[in-house]
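Report on the structure given below.
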Amino acid sequence: MFAAQGAMGITQAVQPLQNLAAAVPAADSLLTICSRVSEIDTFDEGGLKPGSVKGDIVVKDVMFAYPSAPDHLVCKGYSLSIAAGQTVALSGASGSGKSTIIALLERFYDPRSGSITLDGTDLKALNVRWLRQQLGLVSQEPVLFAGSVADNIRYGHPDATQAEIEEAAKSANAYE
């Protein structure tokens with residue numbers, strides 16, 4: 001009886017050990033991702049923070065490939081000029097670079113070569129947080145973060161007053 005009970009206990013201990021063996025490589029993968037240092041540091045306080053923005057955007061000879069597919073160029077010498085106040089629609093087939101240009105403007109990525117400027121200043125010279133506060137983006141599939149609409153508006157401007165939040169909601173036709 002003692003031997004049977006002991007054998008049953010040993011077999012029950014095997015499953016957690018198998019789970020642990022499977023968890024170790026997963027944890028290693030997770031730690032590798034978490035310890036990766038981004039080339040674009042959103043917390044860096046350095047960079048220019050101009051007092052005002054006119055809004056002229058120039059994309060010149062941009063070459064870009066996503067890090068997950070470095071051999072597949074999405075932008076191959078892409079150029080575009082947008083004057084301040086001009087309304088522009090980017091259209092094209094899936095994979096033609098529409099969302100990529102927006103990601104480059106927001107500095108989620110930097111181009112391999114070429115340049116993107118705002119009012120004549122290369123985006124790489126600007127403070128990333130400041131730059132992102134100057135831009136507004138409504139993606140193809142908007143997603144609200146957990147919380148109220150006011151919380152979502154405040155996400156982009158943590159120090160916004162209630163009046164500023166209401167004004168932002170009104171200008172986005174989201175107040176009602």
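Would you mind finding the one in 51, 77, 46, 55 that is surrounded by 13 or more Cβ atoms within 10 Å (Cβ to Cβ) and of a type in the set (Gly, Ala, Ser)?
55
In the range 3-14, is there at least one residue being open to solvent by less than 90 Å² (accessible area, probe 1.4 Å), assigned to a loop (DSSP other than H, G, I, E, B) and not polar (S, T, N, Q)?
No, the range 3-14 contains no residue that is open to solvent by less than 90 Å² (accessible area, probe 1.4 Å), assigned to a loop (DSSP other than H, G, I, E, B) and not polar (S, T, N, Q).
Step by step: first the residues of the range 79-106, then only those that are modelled with pLDDT of 90 or more and within 21 Å of the chain's Cα centre (by Cα), then the one that is farthest from residue 123 (Cα to Cα). Which residue is that?
Among them, the one singled out is 100.
List every residue pair whose Cβ atoms lie under 7 Å apart, where the two residues are 6 or more positions apart in sequence or sit on different chains, the first residue falls within the range 147-176 and is among the basic types (Lys, Arg), and the second residue, located anywhere, is outside any helix (DSSP H, G or I) and surrounded by 12 or more Cβ atoms within 10 Å (Cβ to Cβ).
From the range 147-176, the pairs are 154/160.
Please determine, by comparing only the residues of the range 65-108 that are assigned to a helix (DSSP H, G or I) and not polar (S, T, N, Q), which one is farthest from residue 42 (Cα to Cα).
For the range 65-108, the residue satisfying everything is 98.
Restricting the range 15-25 to residues that are open to solvent by 60 Å² or more (accessible area, probe 1.4 Å) and small (Gly, Ala, Ser), which is farthest from residue 101 (Cα to Cα)?
The extreme case among them is 21.
What is the number of the single condition among (1) closer than 30 Å to residue 115 by Cα; (2) open to solvent by less than 90 Å² (accessible area, probe 1.4 Å) that residue 39 does not meet?
Against the list (1) closer than 30 Å to residue 115 by Cα; (2) open to solvent by less than 90 Å² (accessible area, probe 1.4 Å), residue 39 comes up short only on (2).
The values are calculated or read from the model by the stated rules, or taken from the named source; none is laboratory data. Keep in mind it's a predicted model, so treat the numbers as computed, not measured. Here Cβ is always computed from backbone atoms with ideal geometry, including for glycine, and neighbour counts include all displayed protein chains. For accessibility, only protein heavy atoms count, side chains too; no ligands or nucleic acids. Shrake-Rupley method; radii C 1.70, N 1.55, O 1.52, S 1.80 Å.
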